[in-house]
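These notes concern the structure reproduced below.
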Amino acid sequence: TTMSRAKPDGYTLAHVHMTLLRMPHMTKVEYDPVNDFTWIIGVADYLHGTVVRADAPWKTWQEFVAYAKSNPHKISYATTGVGGTPHVTMLEVAQRDGIDWVMIPYKSAPEVSAALLGGDVQAATTSASWAPFVLDGRLRLLVSTGDTRIKLWPDIPTLKDLGYGISSSTPFGIAGPKGMDPKVVATLHDAFRRAIDDPDFLKTLERNEMYASYRSAADFTRWARERFAAEKEIVARLGLKP
């Protein structure tokens, strides 16, 4: 809301991602995500996955889902909030498989990891903030949700691998207020484009299980418009409206 009302001089920018396009269909907001912003450049995607504690009885996603399906309300999983991409993904799985599990929202990824490690929930579906705990053996990755498998864990299937027809990540990029001068947009786009190709930036993405996903200003704007329309259908189908 603050950015949508800012002066479009190129000095007020924001990190934007898919939740911005979903929330207007779920609750009243004071912005139009397509028309109140200038979509400058798509940068990268957050990857998501579902993890359980290493001492959990489920070794695979199939075992986890089978248990959840046979034991309604017995499985609680943590995410970083209602309506986020991980939550939507788990709702889609539940709808397809007839599962009745419980989502527990937390304010941040560290809180999600702490809740799972402390035994407050049985699973967590978030961006790959859990990666260090999988690497040190405290958590077990059961499934990832992107188009391809995660490089560090090539043996762990994606939901697509398992026949769900679901592929979810959280693309993000840079946007500014509506009405920005095209020359300013081009200057900002080109600067961020060079940064995306910087080896140190790419290493940072890889370390955090993200990957570069460049979109030009035109492509990012088109993606936002198409995604906004698609999210309306998803929200209605999954019953995410209050």
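Each row is one residue, and each column tells you yes or no for (1) aliphatic (A, V, I, L, M); (2) buried (at least 17 other Cβ atoms within 10 Å of the Cβ).
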residue	(1), (2)
10	no, yes
13	yes, yes
19	no, yes
69	no, no
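Listed here are the residues, each with its yes/no results for (1) open to solvent by less than 20 Å² (accessible area, probe 1.4 Å); (2) touching an Asp or Glu at 6+ places or on another chain (Cβ under 6 Å); (3) more than 19 Å from residue 23 (Cα to Cα).
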residue: 83; (1), (2), (3): yes, no, no
residue: 96; (1), (2), (3): no, no, yes
residue: 137; (1), (2), (3): no, no, yes
residue: 141; (1), (2), (3): yes, no, yes
residue: 148; (1), (2), (3): no, no, yes
- Query: From the residues in region 130-155 that are in a helix (DSSP H, G or I) and touching a residue at least 40 places away in the same chain (Cβ under 8 Å), which one is farthest from residue 49 (Cα to Cα)?
  - Reply: 133
- Query: Hey, does region 157-175 have a residue that's open to solvent by 80 Å² or more (accessible area, probe 1.4 Å), among the charged types (D, E, K, R), under 30 Å from residue 79 (Cα atoms) and outside any strand (DSSP E or B)?
  - Reply: yes
- Exactly one of 16, 34 is touching a Lys or Arg at 6+ places or on another chain (Cβ under 7 Å) and either β-branched (Val, Ile, Thr) or not in a loop (DSSP other than H, G, I, E, B) (or both), and that residue is 34
- Query: Among the listed residues 193, 222, 227, which satisfies the condition of being out of contact with any Gly (no Cβ under 9 Å at 6 or more places or on another chain) and either of a type in the set (Phe, Trp, Tyr) or without any contact (Cβ under 8 Å) to a residue 24 or more places away in the chain (or both)?
  - Reply: 222
- Query: Is one or more of the residues making up region 204-211 under 18 Å from the mean Cα position of the chain (by Cα), part of a helix (DSSP H, G or I) and at pLDDT 90 or above?
  - Reply: no
- Just checking, how many residues over region 209-242 are hydroxyl-bearing (Ser, Thr, Tyr) and touching a Leu at 6+ places or on another chain (Cβ under 7 Å)? 1
- Message: Whether any residue in region 204-219 is on the phi > 0 side of the Ramachandran plot and touching a residue at least 40 places away in the same chain (Cβ under 8 Å) is what I want to check.
- Response: yes
- Return the residue satisfying two criteria in turn: it lies in region 51-105 and is in a loop (DSSP other than H, G, I, E, B) and among the basic types (Lys, Arg), and of such residues it is farthest from residue 164 (Cα to Cα). 74
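The rows are residues; the columns are (1) open to solvent by less than 70 Å² (accessible area, probe 1.4 Å); (2) charged (D, E, K, R).
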{"residue": "195", "(1), (2)": "yes, no"}
{"residue": "199", "(1), (2)": "no, no"}
{"residue": "208", "(1), (2)": "no, no"}
{"residue": "221", "(1), (2)": "yes, no"}
{"residue": "231", "(1), (2)": "yes, yes"}
{"residue": "236", "(1), (2)": "yes, no"}
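One line per residue, one yes/no per condition, for (1) under 24 Å from residue 82 (Cβ atoms); (2) touching a Lys or Arg at 6+ places or on another chain (Cβ under 7 Å):
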residue: 160; (1), (2): no, no
residue: 192; (1), (2): no, no
residue: 225; (1), (2): no, no
residue: 229; (1), (2): yes, no
residue: 235; (1), (2): yes, yes
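The values are calculated or read from the model by the stated rules, or taken from the named source; none is laboratory data. Just so it is clear, the structure is predicted and the values come from calculations on it, not from any experiment. A quick note on method: Cβ atoms are made from the backbone with ideal geometry, for glycine too, and the neighbour counts reach across all protein chains shown. Protein only, heavy atoms only, side chains kept; ligands, DNA and RNA dropped before computing areas. Shrake-Rupley method; radii C 1.70, N 1.55, O 1.52, S 1.80 Å.
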